[in-house]
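I have placed the structure first, in the form of structure tokens, so that the comments after it can refer back to it.
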Amino acid sequence: MSSLYLSFSDSATMLQRNFQRALRNPFVIFSSILTPALMLVLFFYVLGGSIAGGLNGGEKGGTEYLNYLLPGIIVLTAALGAEVTALNVNYDRTENIINRFRTMPISRGALSTGHALANVIQTLISIVCIVGIGLLMGFRPNAGLVEWLAAFGLLALFSLAIAWLAVPLGLIARTPGGANSLSLIIGFLLPFFSSAFVKPDTMPDWLQVFVKYQPFTAVTETLRGLLTGTAIGDNWIYAISGSVVLAILGYIFARWAYNRQPSR
Amino acid sequence: MATNQTAIAVRNLRKSYGSQLVLDGIDLDVPEGSVYALLGPNGSGKTTTVQILSTYLAMDGGEVRIAGHDLVKEPAAVRAAIGVTGQFSAVDSLLTGEENLRLMTKLYHLGPQEGRRKTAELLERFDLVDAAKKLAATYSGGMKRRLDLAMSLVGTPRIIFLDEPTTGLDPRSRKTMWEIIRELLGEGVTIFLTTQYLDEADELADKIGVLDQGKLVAEGTVTELKRRIPGGHVRLQFADSGLLSSAALTFQGSIRDEEALTLTVPSDGSVRSLRTLLDRLDNEAIAVENLTVQMPNLDDVFFALTGTSKNLKGGE
């Protein structure tokens, strides 16, 4: 058996383990849908009236802000996967499971790959639920099949990047609390400092510089364009290349963190 | 396979964490099919040694061969030959006992049929059949340790590392663990264990290494270790006080007990010194009713060697 086949097989075994664990602990999946759903409700019903006033011709409770908001909530859903992934990985660290795997003849990337793939699948499931809730609330996308497929393709790539960034955070954090805090940088900070909820034009100039050029904005804008027909421009290029670069950096960081010598 | 081959060979093993020296040049050899116990107080470097030998931790210097493979150059071959049960159980609490074992059989690429067979065999052997479908989170400490060890055996390792296998277990679970270790030994497996319990080393080990502050301060069989420190003696029982008096005159420095009619003679417990003692009794024609050899117990040896406790030294 080739080593490529073995590392594929080991990753599949780890992925299967993640599913077994997720089914035992359904609250994790539930909360990864509940949190973005609550944010959706908060932004649309509580803050939406004020924010919509800032949009051209926006009206209270109208679909225009919901159409703007929902792609942002979808990106937030993907970003929050970082929290679940970092916690799952950290569990393996604090429960000493990684210690066992490191002394076994299995491929070194298998555990992390299993976690990353599990995150992609769980995130896509959560996103389907969020889109469903959005439709019930009045979200009106004009995307055809091709646009939907492109949107889910992009989200799969993006959540893979998120997972590969979260895996090493879970590996280096000493406690679940630490893993949680670190992952919130990805899960909360980056989505809020992007175009997910409000237009960057309404922000101070110095902040716009960061917001406009960080990858979450490119992903959000591409998704918004695919689903609701707004202008995408070059955003799709930055969205894809940004996700690929982040995934590769995260993967390298994860390999380092997995093989890292404990400092005692 | 020849049983007198070396399973674990360690030369000048060194390790520090920053400026803190943890292992200061360890040498040891463990023959195939034997049990080696590394005994030492907390912080003496036992766990670090196991972590290095089991490829978890990199060493700073030295040479190690495990099952004939160089630890640094062929870590994959070493990993394929060993099973490791760490100090803290490494089981997935959100999986059942059976699922934990099946996970291992898949990671060892056993194939579905062989995987199920192996899982069933290990569940049976480690008395986990009734708990097989329960989450490991609900297991008692003893059950978790048994599952942990069972998981380490899925790959049929030739060498097993056990880091404090019975720490925190109740006496019954401890005895069960000892039985399991003896069974493994019967199958020709080599066992390297660490412990801070002297009776455990006494009970299981063919050879004991006493580790203190990163150095092997003594190594040998239980008997050899006991002989290394003074404090042993021979107790002679006599039929009457006349014989006791003559014997007391013969052995200067002995302690007599008039009431019990016994004489305590200092001795290192070796056959040679016993023979000398008996010869002298014969020469003086002193009849002895009963003779017992009292060696210092392993606790005395341990404390004398590691200096952990100043007030528990065995004898003068």
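Summary of values
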item	result
Residue within segment A:26-45 that is within 12 Å of chain B (Cβ to nearest Cβ) and either open to solvent by less than 70 Å² (accessible area, probe 1.4 Å) or at pLDDT below 80 (or both) present	yes
Residue that is nearest to the chain's Cα centre (by Cα) [pool: residues in segment A:247-264 that are away from chain B (no Cβ under 14 Å) and open to solvent by less than 40 Å² (accessible area, probe 1.4 Å)]	A:ALA247
Matching option when the condition is more than 8 Å from chain A (Cβ to nearest Cβ) and among the aromatic types (Phe, Trp, Tyr), among B:TYR56, B:TYR17, B:TYR36	B:TYR36
Residue in segment B:103-111 that is more than 12 Å from chain A (Cβ to nearest Cβ) and closer than 26 Å to A:ILE106 by Cα present	no
Filter result for A:PRO191 (under 19 Å from A:THR35 (Cα atoms) and touching a residue at least 12 places away in the same chain (Cβ under 8 Å))	yes
Leading residue by the ranking (nearest to B:THR96 (Cα to Cα)) among those in segment B:125-140 that are more than 14 Å from every other protein chain (Cβ to nearest Cβ) and among the aliphatic types (A, V, I, L, M)	B:ALA132
Residue in segment B:65-76 that is farthest from the other protein chains (Cβ to nearest Cβ), counting only those that are among the aliphatic types (A, V, I, L, M) and within 25 Å of A:ALA257 (Cβ to Cβ)	B:VAL72
Checklist (1) within 14 Å of another protein chain (Cβ to nearest Cβ); (2) in contact with a helix residue (DSSP H, G or I) (Cβ under 7 Å, 6 or more places away or on another chain) applied to B:LEU122, failing item	(1)
Selected residue (only one of A:ASN142, A:ASN88, A:ASN99 is more than 25 Å from A:THR220 (Cβ to Cβ) and open to solvent by 40 Å² or more (accessible area, probe 1.4 Å))	A:ASN99
Complete set of residues in segment B:57-68 that are open to solvent by 30 Å² or more (accessible area, probe 1.4 Å) and assigned to a loop (DSSP other than H, G, I, E, B)	B:ALA58, B:MET59, B:ASP60, B:GLY68
Selection from segment A:102-129 of residues that are among the aliphatic types (A, V, I, L, M), open to solvent by less than 50 Å² (accessible area, probe 1.4 Å) and either at the interface with chain B (Cβ under 10 Å from one of its Cβ atoms) or more than 13 Å from the chain's Cα centre (by Cα) (or both)	A:MET104, A:ILE106, A:ALA110, A:LEU111
Residues being of a type in the set (D, E, K, R), crowded, with 17+ Cβ neighbours inside 10 Å and over 33 Å from the mean Cα position of the chain (by Cα) - total across segment B:286-303	0
Leading residue by the ranking (nearest to B:GLY68 (Cα to Cα)) among those in segment B:14-42 that are surrounded by fewer than 16 Cβ atoms within 10 Å (Cβ to Cβ) and not small (Gly, Ala, Ser)	B:ASP29
Those helices (runs of 4 or more DSSP H) lying entirely in segment B:180-285 with at least 3 residues of a type in the set (Gly, Ala, Ser), farther than 30 Å from B:ARG158 by Cα and open to solvent by 70 Å² or more (accessible area, probe 1.4 Å)	none
Any chance B:ASP130 is charged (D, E, K, R) and outside any helix (DSSP H, G or I)	yes
Residues of segment B:83-102 classified as in a loop (DSSP other than H, G, I, E, B) and within 8 Å of another protein chain (Cβ to nearest Cβ), total	9
Members of segment B:109-141 that are in contact (Cβ under 8 Å) with a residue 24 or more places away in the chain and of a type in the set (Lys, Arg)	B:LYS118, B:ARG125, B:LYS133, B:LYS134
Condition check for B:LEU71: surrounded by 19 or more Cβ atoms within 10 Å (Cβ to Cβ), more than 23 Å from B:ARG117 (Cβ to Cβ) and of a type in the set (A, V, I, L, M, F, W, C)	yes
Scope segment A:196-241; condition assigned to a helix (DSSP H, G or I), buried (at least 21 other Cβ atoms within 10 Å of the Cβ) and touching a residue at least 60 places away in the same chain (Cβ under 8 Å); matching residues	A:PHE216, A:VAL219, A:THR220, A:THR222, A:LEU223, A:ARG224, A:LEU226, A:LEU227, A:ALA239
Criterion: within 12 Å of chain B (Cβ to nearest Cβ), surrounded by fewer than 17 Cβ atoms within 10 Å (Cβ to Cβ) and closer than 23 Å to B:ALA76 by Cα - qualifying residue of A:LEU6, A:LEU23	A:LEU6
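So that you can scan it fast, the table gives a plain yes or no per residue for (1) surrounded by fewer than 21 Cβ atoms within 10 Å (Cβ to Cβ); (2) under 30 Å from A:ASN18 (Cβ atoms):
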position	(1), (2)
B:SER44	no, no
B:LEU53	no, no
B:ALA80	yes, yes
B:GLY97	no, yes
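The values are calculated or read from the model by the stated rules, or taken from the named source; none is laboratory data. Keep in mind the model is a prediction, meaning the values are calculated, not measured. Neighbour counts run over all protein chains shown; Cβ positions are idealised from the backbone, glycine included. Calculation scope for accessible area: heavy atoms of the full protein, side chains included, ligands and nucleic acids excluded. Shrake-Rupley method; radii C 1.70, N 1.55, O 1.52, S 1.80 Å.
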